[in-house]
Structure formats: C-alpha cells, structure tokens
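Encoded as structure tokens, the structure appears first; notes follow it.
The values are calculated or read from the model by the stated rules, or taken from the named source; none is laboratory data. Everything numeric here is computed off the predicted structure, so don't read it as measured data. Reconstructed Cβ throughout: ideal geometry from the backbone, glycine too, with neighbour counts over all protein chains shown. These accessible areas exclude ligands, DNA and RNA; they are computed on the full protein's heavy atoms, side chains included. Shrake-Rupley method; radii C 1.70, N 1.55, O 1.52, S 1.80 Å.
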Amino acid sequence: MIEIQRIKQVKQLKANGCYSPAVIHNGVIYLSGQFSVDPETGKQIHGTPEEEIRRVLENVKLILEETKSDMDHVLRCTVYIKNIEDWDPINAVYSEYFAENCPARTVATVKDLHFGFNVELDLVAVQTY
C-alpha cells in the first residue's frame, strides 16, 4: 500500500486553495510554494525581498520540523523572484540557511507572483526521524 500523508496546516501556515502545503510520500517531503506569511496569524507580510525570503525560510524550518526533517535534509529548492536585480540580496539571506549542506537549486525570474510578493520558494526534503 502506498502511503501518502498530506499536511494541511502548520501553525497558521495553510493552503489558500485546493492544494496541500506539504505532502509526504515514502519519507520524501514535497513542500508547496511558500510566501512570506506570519505563522502565528496567517497574515501576509510584504517587505523587501530580503525580509520576505527570511520569513519564507523561517516558515520552511517550521514546516520541516513538523514533517520530521530539517534544513540539512533539503534536496532541492526552486526560488521564484520578480526582479533579477534582487538576486544578490536574496541569495545572501538564502546562504545563511544553507551554509554547509547546499541543496540543488533553480532560480527563476517571473513576471509576477501571487499576492504581489517578491519571492516564492518550494522544495523537496527527506524525513530524518
């Protein structure tokens, strides 16, 4: 039997549509695109690209903890940004979270992101316990 676990909510981080924030299959965690949201209230937090990516990555840490993983076990990230000129400051913050165990990564510049955000990130990780 194939076991699929759908994570519907971690704190106030939950889907605003017909999808799961995270799905786990055979110990692999698939995290949906994450925006800058306050995990206590669920409210959107718009700010500089650096502020947004920091909030996103802090939220990712919370979700990974809930799904029995951590930042050291992230396999792949996709980072979507609105402006390629923001890449250096975004990358500086990103590098703080993946200093030693860098996952595979794709960076895509997009015309617009939902809700007017500057950055979105999705990832794949493995469970550690």
**OP:** For the range 8-42, name all the residues that are among the hydrophobic types (A, V, I, L, M, F, W, C) and either open to solvent by 20 Å² or more (accessible area, probe 1.4 Å) or not in a strand (DSSP E or B) (or both).
**Re:** Ala15, Cys18, Val23, Val28, Phe35, Val37
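Quick check, is Asn83 touching a helix residue (DSSP H, G or I) at 6+ places or on another chain (Cβ under 8 Å) and among the polar types (S, T, N, Q)?
Values: touching a helix residue (DSSP H, G or I) at 6+ places or on another chain (Cβ under 8 Å): yes; among the polar types (S, T, N, Q): yes.
Answer is yes for this residue.
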Subject >> Pair list, Cβ under 7 Å, 6 or more apart: the range 14-32 residue charged (D, E, K, R) and at pLDDT below 95, other residue assigned to a loop (DSSP other than H, G, I, E, B) and open to solvent by 100 Å² or more (accessible area, probe 1.4 Å) >> reply: Lys14/Lys8
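Can you name the residue in the range 72-105 that is of a type in the set (Asp, Glu) and part of a helix (DSSP H, G or I) and, of all such residues, is surrounded by the most Cβ atoms within 10 Å (Cβ to Cβ)? Let's see the steps before the verdict.
Pass one, the range 72-105, residues of a type in the set (Asp, Glu): 72, 85-86, 88, 96, 100.
Now restrict to residues that are part of a helix (DSSP H, G or I): 72, 85-86, 88, 96.
On the way: Asp72: 12, Glu85: 10, Asp86: 18, Asp88: 10, Glu96: 11.
So the residue we want is Asp86.
What do you reckon, is Val60 among the aliphatic types (A, V, I, L, M) and in a strand (DSSP E or B)?
Numbers: among the aliphatic types (A, V, I, L, M): yes; in a strand (DSSP E or B): no.
So Val60 fails the test.
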Original post:
Got a sec? Which of Leu57, Leu64 is among the hydrophobic types (A, V, I, L, M, F, W, C), touching a helix residue (DSSP H, G or I) at 6+ places or on another chain (Cβ under 9 Å), under 13 Å from Leu121 (Cα atoms) and crowded, with 18+ Cβ neighbours inside 10 Å?
Top reply: Leu57
